[in-house]
Structures are given as structure tokens and as C-alpha cells.
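**Student:** Quick one: structure below, then a few questions.
The values are calculated or read from the model by the stated rules, or taken from the named source; none is laboratory data. No experiment lies behind these values; they were computed from the predicted model shown. Positions of Cβ are generated from backbone atoms using ideal geometry, with glycine treated the same way; all protein chains shown enter the neighbour counts. Surface accessibility is based on the protein's heavy atoms, side chains included, excluding ligands, DNA and RNA. Shrake-Rupley method; radii C 1.70, N 1.55, O 1.52, S 1.80 Å.
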Amino acid sequence: MSVAKMFRETASKYPNKTAFIFEDTKWTFSQLDEYSSRVANHLKNSGVKHGEAVALLMENRPEYVATWLGCAKLGVVCALINFNLRSSTLLHCIEASGAKILICGKELSEAVAEVQNEASDIPVLVSGLGENATSTNGMVNLDLMLQSSSNTCPDEINATGTSDILLYIFTSGTTGMPKAAITTNAKHLEQKILLRPHSGITSKWIIYSCYLRLHINTKGYLSAMLPALLFGCGVVIRKKFSASQYWIEAKKHNCTASLYIGEICRYLLNTPPKPEDKTHKVRRMVGVGLRPQLWEEFVERFNNPTILEFYGATEGNIGLVNLVGKVGAIGHLSVVFPKLLPFLLVKTDPDTGEYFRDKNGVCIPSKPGEAGEVVGIIKEIIPGIKYDGYLDKKAAQKKIIKDVRTKGDSAFASGDILVMDELGFLYFQDRTGDTFRWRGENVSTMEVEAHVSRIVGGMDIAVFGVKVPGCEGAAGMAAIADPEGTVEVASLLEGVKKVLPPYARPTFIRICKKIDLTGTFKIKKVSLKKEGFDPSVVSDPLYCLDSRQTQYLPLTDDLHQKILHSKAGF
């Protein structure tokens with residue numbers, strides 16, 4: 001089977017049912033089927049073949065899904081490029097995909113024009129110009145081309161199967177340029193097998209889909225689109241997230257489910273209460289990153305939806321979901337038969353990231369209550385736990401570790417630190433390398449960020465460890481994006497004392513005008529960590545917690561020198 005074949009079954013079953021609602025337009029499954037077939041046939045007539053790639057750069061709208069679905073019908077890999085990218089990063093993704101053609105939305109044609117001369121002469125098709133517009137800047141009007149393209153599904157769909165690559169989904173580029181993660185039909189069809197029996201999903205569902213500042217080429221976005229394609233659900237697509245309109249629109253369209261990321265939940269909680277908070281029909285919310293500190297408050301305020309928090313690395317072979325609403329949990333592992341499952345937590349050194357091994361050289365599993373990196377055992381003959389990795393094979397190999405459960409086996413190293421309780425529920429703690437050790441204790445940057453952000457009113461926060469001469473481990477440093485200069489460090493200290501133990505309280509504070517983000521709006525910590533707390537390097541206001549933790553002092557050159565020479569009382 002393939003996603004394209006299963007969509008055809010859905011479209012045949014529900015031809016006149018609404019698939020997508022976008023602004024003032026509705027798309028039926030029949031219209032989606034016809035549009036995607038026109039795309040497939042145009043690509044076929046342009047010489048694009050099974051297994052080759054087409055790059056897609058487009059904002060949230062039905063044509064986005066219909067375009068990659070058209071690629072899928074032809075057996076062509078669609079490389080989903082983050083629409084926030086510009087300049088050299090955009091060019092890198094286009095070229096890294098190996099695309100034969102680039103399809104972009106008209107809203108992004110200027111961004112493409114900036115790199116077009118360097119993009120290896122890749123033909124550019126523009127969607128959204130309308131059938132009467134002429135081509136410009138060497139770009140071709142896709143709408144005009146599709147007008148004369150056949151709406152009959154191409155025969156090539158019969159050759160598509162589970163092992164075929166469906167999409168390239170680019171990583172966020174936190175540590176460098178984005179990498180193209182390979183995702184096969186098998187990986188996306190797991191929803192059909194795993195999600196439906198447990199979530200109760202049916203064709204009657206209407207899913208509200210919007211994202212904050214993030215791009216749509218994520219597992220979260222596909223979590224809304226795939227139920228439509230595979231199960232016949234309806235999806236309300238919103239171009240941009242609006243906290244004030246979220247529940248109003250969900251109620252207007254009778255949505256029964258919605259998507260979230262943690263930041264969306266935080267913004268919704270910050271809005272003034274209104275009747276729609278309790279009168280909407282959303283019964284299930286699927287997503288990632290709902291912080292335990294906000295979970296119960298969120299559920300209670302917004303009419304008690306069931307939270308389906310999931311976990312999965314796009315390029316990996318690990319998939320977890322919390323199906324029972326356990327506060328803070330991202331999934332569950334059996335504590336009775338742990339070796340029957342293809343996932344486990346293994347102990348790592350919090351300072352070096354090295355894996356602890358027993359006398360036989362295999363990884364040591366983490367016990368309940370112990371932090372460990374979640375890894376996925378690789379079985380190449382089983383599609384669901386096969387490791388597909390990245391298009392860049394060297395980068396893919398770096399994510400594989402050997403001798404995990406037994407000598408000779410291998411596993412995908414997620415880089416994510418989880419903790420399992422005695423009942424087998426799993427909780428996300430941090431990324432490897434983001435956990436630091438101070439005063440003999442491991443500190444979770446994610447936990448500190450959550451608390452500090454709440455204290456300062458939801459501002460963007462980056463927490464990381466910095467080396468202090470003469471001290472073991474790393475002291476915590478918090479960079480706070482405060483362009484208006486409203487943060488009062490005295491109030492901040494009073495707040496962190498209430499929620500954080502002494503070793504977890506940030507030793508250094510940096511008040512920034514802004515914090516640099518990746519193309520997917522993840523915080524870039526590398527440069528912040530490199531600059532550290534040196535006032536000769538950092539022009540932003542810096543503060544240092546005194547040795548008695550009674551106040552944050554301005555970090556002057558004199559105090560900095562005392563710290564460097566171990567005379568500051570640390």
C-alpha cells in the first residue's frame with residue numbers, strides 16, 4: 001500500500017465530503033483527487049520520474065497538500081521546504097533535495113527569485129497566480145499549466161508501495177544547515193495501524209489545524225493532513241495562528257479535534273477568558289510540548305479535552321503517544337516485557353554524552369526514575385522500525401549506535417533524554433547536551449526555561465550551561481528576549497526561588513533585545529553559549545547571582561575578572 005493508494009480509496013468512498021476548509025473556500029475529496037492528479041500528470045509530462053524529487057515551498061493552504069499528494073501518485077519524492085527560509089539556507093535545501101523542479105506559492109516567489117540564479121537552473125513553477133497571469137522572472141505559472149493537464153489519476157500510482165520514499169522533511173538546522181530526513185509511505189501509514197484503534201478517529205472528525213510561527217513541514221502538520229487522506233476526516237486549515245480566534249473558529253466549524261504545540265497552549269492560556277473556552281466541541285487535542293506545569297490548568301480551562309501528547313523523531317524509528325491523558329507523559333513502555341519493544345532508555349554521561357556500558361560492552365538500560373536517552377532498535381526488514389535516516393548518508397550514520405541490547409545490534413540515537421516512572425510512563429526531560437550538571441546535580445534546561453518563561457510573562461527564554469573557572473560542571477545561564485526592557489531581575493529572583501532548587505537557579509542572566517531562531521523558530525543556543533557571560537563580548541545587560549543567592553548583581557568587568565580568578569565565591 002501507499003498513502004496515494006489509500007487516499008484514492010478515501011476519495012472514492014467520500015467524493016462529495018468536505019476535505020479542507022480554508023478561509024472562504026471548501027475542497028471536497030473529489031476536488032482534491034482531481035487537482036492532485038493534474039499535478040501528477042503535469043510532472044509526468046515534464047519528464048519527472050518515479051523516485052526523483054520535486055521541491056515544494058508554500059504556505060498553509062489546500063494546494064500545499066494537493067501538490068505533494070500529486071507527487072505521491074507519481075511515486076515522486078516531495079521535498080517539503082520550510083517557508084520561513086531565505087537566502088543561503090533556502091538555496092541549500094533546494095540543492096540538497098536533488099529536486100528536478102521547484103514548486104512555490106506566489107507568496108514566496110520573491111524569496112525564490114533571490115536565489116534563482118544560483119539554484120542550478122532548476123525550473124520554477126508558481127502556484128496561486130491564477131489561470132490568466134503570465135509567467136515572470138523565468139518562472140512558469142503552474143495554475144495555467146494545470147488547466148490543460150489531465151485530472152485522471154496516472155497509472156504510475158500502481159507502482160507505489162510502502163518502501164517508497166514519500167517525503168523529504170528538513171530538520172530545523174539547530175546545529176547547522178537543515179538536513180533532509182527520509183520518510184517512507186510505511187512511516188506515514190503507521191497512523192492507520194496505530195492511531196485509529198486507540199484514538200477513536202473516524203471520518204466524522206473535523207480537525208482544526210494551525211501553527212504558530214512554525215513551518216508546516218512537520219509531523220504535527222502531517223498529523224492533521226494524514227487523517228483526512230487516510231480516514232476521510234475534515235480539516236480546517238488556518239494560514240496563521242491566532243490565539244484570540246482559536247476557539248471561536250473551532251466552534252464555528254464544529255471542530256472535534258485540534259493540533260497543538262506547547263507554545264500554542266501557552267499563548268491560549270494567556271488570552272482573556274471568553275465563552276468559547278467552554279462551548280466548543282473539541283474533544284481531543286494531538287500534539288507535542290504541552291508542559292506538565294500547564295497541563296491541568298489547560299485542560300480545566302478549555303472544556304476538558306483529551307490530550308494525546310506524542311513523541312517522534314522525523315528521521316528516526318521511534319514513535320510514542322500518551323493515550324490515557326497521564327499528565328506530562330509522552331508515551332508508555334511495558335515494565336513487564338521491556339525487551340519485546342523496539343525502544344529503550346539507556347544511561348549516558350550528562351557531561352560528555354557518552355553511553356555507559358556494562359562489562360560486555362553493551363549499553364546499560366536506565367531504571368525507573370533514572371534519566372536516559374531514548375533509542376530505537378533498528379530492524380531493517382520491519383518497515384515500522386527500519387531506520388531511514390537522512391538523504392545525507394554520512395549524517396545518517398552519525399545517528400546510529402552499536403551494541404545496545406546485545407553485541408552486534410544497532411539503534412537510532414534520538415539525542416533526547418527521557419525519564420520513565422515505575423508504571424512505564426515516559427516524560428521528556430531534555431535534549432542531550434542541553435542538560436548540565438551544577439553543584440553535583442543534573443539540571444534540565446527545559447524545566448528551567450518553563451519556569452523562567454512563566455515568571456517573566458511568557459517571553460522567549462534560552463537556558464544553557466556555561467563553564468566557570470575553578471568549578472566542576474557548568475553554571476546555568478538564562479538569556480531572556482526582552483526588547484521593551486520590562487524584566488526586573490529582583491522579581492525574577494524572587495520567582496525562581498519559589499519554584500527552583502538552589503542548584504537549578506540561573507547563575508547568570510542576559511537581557512537580550514531578541515534571541516536568534518532557526519528557520520523553524522527553535523532557539524539557537526550555540527552562539528549564546530559561546531559568548532557566555534563575558535561583558536567585553538556581550539553588549540546586552542548581564543547579571544550574576546551573588547554567592548548567597550540574595551540578589552542579581554550587574555556583571556561588570558571587575559566582577560567578571562573575580563569570577564575568572566575564582567574570587568567571586570562560587
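**Student:** Given a Förster distance of 41 Å, report the FRET efficiency between Gln147 and Asn303 from their Cβ-Cβ distance, rounded to the nearest 0.05.
**Tutor:** So, using R0 = 41 Å, E works out to roughly 0.35.
**Student:** Spin-label point model (7 Å from Cα, Cβ direction): what's the Glu190 to Glu9 distance in nm?
**Tutor:** 2.0
**Student:** By accessible area of protein heavy atoms, probe 1.4 Å, what ranking do Glu300, Glu156 get, highest first? Numbers along the way, then the final one.
**Tutor:** On the way: Glu300 125, Glu156 60 Å².
These residues rank, largest area first, as Glu300, Glu156.
**Student:** Scaled to the compact-protein estimate 2.2 N^0.38 Å, what is the alpha-carbon radius of gyration of segment 221-287, rounded to two decimal places? Present the calculation step by step, with values, prior to reporting the outcome.
**Tutor:** Numbers: Rg = 12.0 Å, N = 67, 2.2 N^0.38 = 10.9 Å.
Dividing the Cα radius of gyration by 2.2 N^0.38 Å gives 1.10.
**Student:** Per 0.36 nm of contour for each residue apart, how much would the distance between Lys359 and Ile382 grow if the chain were fully extended, relative to their Cα-Cα spacing?
**Tutor:** On the way: separation 23, 0.36 × 23 = 8.28 nm, distance 3.02 nm.
Stretched out fully, the Lys359 to Ile382 stretch lengthens by 5.3 nm.
**Student:** Which shape class, rounded, prolate or oblate, goes with segment 358-473 when its Cα gyration tensor gives a ≥ b ≥ c as root eigenvalues, a/c under 1.5 marks rounded, and past that a/b bigger than b/c marks prolate?
**Tutor:** Numbers: a/c = 1.87, a/b = 1.68, b/c = 1.11.
It comes out prolate by the Cα gyration axes.
**Student:** Right, something else. Hey, can you rank 8-15, 538-545 by average C-beta count inside 10 Å, highest first?
**Tutor:** 538-545, 8-15
**Student:** Additional query: What nm distance separates the two modelled labels at Ile248 and Glu114, each placed 7 Å from Cα along Cα→Cβ?
**Tutor:** 3.3
**Student:** In whole Å, how far is the Cα centre of segment 337-372 from that of segment 19-90?
**Tutor:** So the two Cα centres are separated by 41 Å.
**Student:** Pop the C-beta distance of Arg86 and Asn158 into the FRET formula with R0 = 30 Å and round what comes out to the nearest 0.05.
**Tutor:** Working: r = 40 Å, r/R0 = 1.32.
With R0 = 30 Å, the Cβ-Cβ based efficiency is 0.15.
**Student:** Could you give me the percent of Cα pairs per 10 Å distance bin for the chain, shortest bin first, beginning at zero and ending with the bin that holds the maximum distance?
**Tutor:** Calculated P(r), rounded to whole percents: 3, 16, 25, 26, 19, 8, 2, 0.
**Student:** State the extension gain, in nm to one decimal, for the chain segment bounded by Thr406 and Thr486, taking 0.36 nm per residue of separation less the distance between their alpha-carbons.
**Tutor:** Details: separation 80, 0.36 × 80 = 28.80 nm, distance 5.48 nm.
Gain in length upon complete extension: 23.3 nm.
**Student:** Based on the alpha-carbon gyration tensor of segment 438-545 and its eigenvalue square roots a ≥ b ≥ c, which shape applies: rounded if a/c is under 1.5, prolate if not and a/b is larger than b/c, or oblate? Please report the intermediate quantities before stating the final value.
**Tutor:** Working: a/c = 1.35, a/b = 1.12, b/c = 1.21.
Cα axes put segment 438-545 in the rounded bin.
**Student:** Mind running the shape call on segment 103-155? Use the C-alpha gyration tensor, a ≥ b ≥ c as the square roots of the eigenvalues: rounded below 1.5 for a/c, prolate if a/b tops b/c, oblate otherwise. Display every interim value, and only then the final one.
**Tutor:** Numbers: a/c = 2.53, a/b = 1.65, b/c = 1.53.
Prolate, since a/c reaches 1.5 and a/b exceeds b/c.
**Student:** Sticking with this structure for a sec: In vacuum, with every alpha carbon of segment 390-437 counted as one equal point scatterer, what does the Debye formula give for log10 I(q)/I(0) at q = 0.26, 0.29 Å⁻¹? Two decimals, please.
**Tutor:** Per q value, in the given order, log10 I(q)/I(0) is -0.99, -1.00.
**Student:** How many Å³ per residue does the convex hull of the Cα positions in segment 209-364 occupy? Write down the numbers at each step before the final one.
**Tutor:** Values: hull volume 24.3 nm³, N = 156.
Given the Cα convex hull of segment 209-364, per-residue volume reads 156 Å³.
**Student:** Could you work out how much longer the chain between Arg548 and Glu422 gets when fully extended? Use 0.36 nm per residue separation minus the Cα distance between them, nm to one decimal. Mind dumping the intermediate values first?
**Tutor:** On the way: separation 126, 0.36 × 126 = 45.36 nm, distance 3.69 nm.
Using 0.36 nm per residue and subtracting the Cα-Cα distance, I get 41.7 nm.
**Student:** Counting only other residues whose beta carbon sits under 13 Å from that of Leu341, what net charge do I get with K and R as +1, D and E as -1?
**Tutor:** Working: positive: Lys339, Lys379, Arg405; negative: none.
Within the 13 Å Cβ shell, the charges total +3.
**Student:** Which lysines, on any chain, are close to Lys359 with Cα under 21 Å apart, when same-chain ones fewer than 8 places away are left out?
**Tutor:** Lys339, Lys347, Lys367, Lys402, Lys407
**Student:** Go ahead and run the numbers for FRET between Lys49 and Lys278, Cβ-Cβ distance against an R0 of 56 Å, rounding to 0.05. Please report the intermediate quantities before stating the final value.
**Tutor:** Values: r = 53 Å, r/R0 = 0.96.
So the FRET efficiency works out to roughly 0.55.
**Student:** What is the distance in Å between the Cα centres of segment 386-402 and segment 536-570?
**Tutor:** Cα centroid of segment 386-402 versus Cα centroid of segment 536-570: 43 Å apart.
**Student:** Just add up the charged neighbours of Val327: K/R +1, D/E -1, any other residue whose Cβ is under 12 Å from the Cβ of Val327.
**Tutor:** Details: positive: Arg291, Lys326; negative: Glu296, Glu297, Glu300, Glu309, Asp421.
Net charge in that neighbourhood comes out at -3.
**Student:** In addition: What is the distance, in nm, between label points placed 7 Å from the Cα along the Cα-to-Cβ direction at Thr134 and at Tyr267?
**Tutor:** Placing both labels 7 Å beyond Cα along the Cβ direction yields 4.0 nm.
**Student:** Whole number please: convex hull volume per residue of the Cα set in segment 409-466, in Å³? Write out the running numbers ahead of the final one.
**Tutor:** Numbers: hull volume 8.7 nm³, N = 58.
Spread over its residues, the Cα hull of segment 409-466 gives 150 Å³ apiece.
**Student:** Here's a follow-up. How much of the DSSP beta bridge set in segment 5-108 is antiparallel, as a percent to the nearest 5?
**Tutor:** Of all bridge pairs located within segment 5-108, approximately 30 percent are antiparallel.
**Student:** Still on this structure, please answer the following. Take the Cα atoms of segment 82-122, find their three principal axes, and give me the spread along each one in whole Å, biggest first.
**Tutor:** 23, 18, 17
**Student:** Follow-up question, since we're still on this one. Could you pull out every Cys in the chain that lacks a partner Cys with its beta carbon under 4.7 Å away?
**Tutor:** That list is Cys93, Cys104, Cys153, Cys210, Cys233, Cys255, Cys265, Cys363, Cys471, Cys512, Cys544.
**Student:** Still on this structure: Just to check I understand the Karplus step: with θ = phi - 60° and J = 6.51 cos²θ - 1.76 cosθ + 1.60, what whole-Hz values come out for segment 81-98, glycine and proline as x?
**Tutor:** Per residue, the Karplus-derived 3J(HN,Hα) values read 9, 4, 6, 7, 6, 9, 6, 5, 5, 4, 4, 4, 5, 4, 6, 5, 6, x Hz.
**Student:** How big is the C-alpha Rg of segment 280-439 next to the rule-of-thumb value 2.2 N^0.38 Å, as a ratio?
**Tutor:** On the way: Rg = 16.7 Å, N = 160, 2.2 N^0.38 = 15.1 Å.
In units of the 2.2 N^0.38 Å rule of thumb, it is 1.11.
**Student:** Where does the charge balance sit around Phe464 when Lys and Arg score +1, Asp and Glu -1, over other residues with C-beta under 9 Å from its C-beta? Don't skip to the end; give the middle numbers.
**Tutor:** On the way: positive: Lys525, Lys529; negative: Asp434.
Summing Lys/Arg as +1 and Asp/Glu as -1 gives +1.
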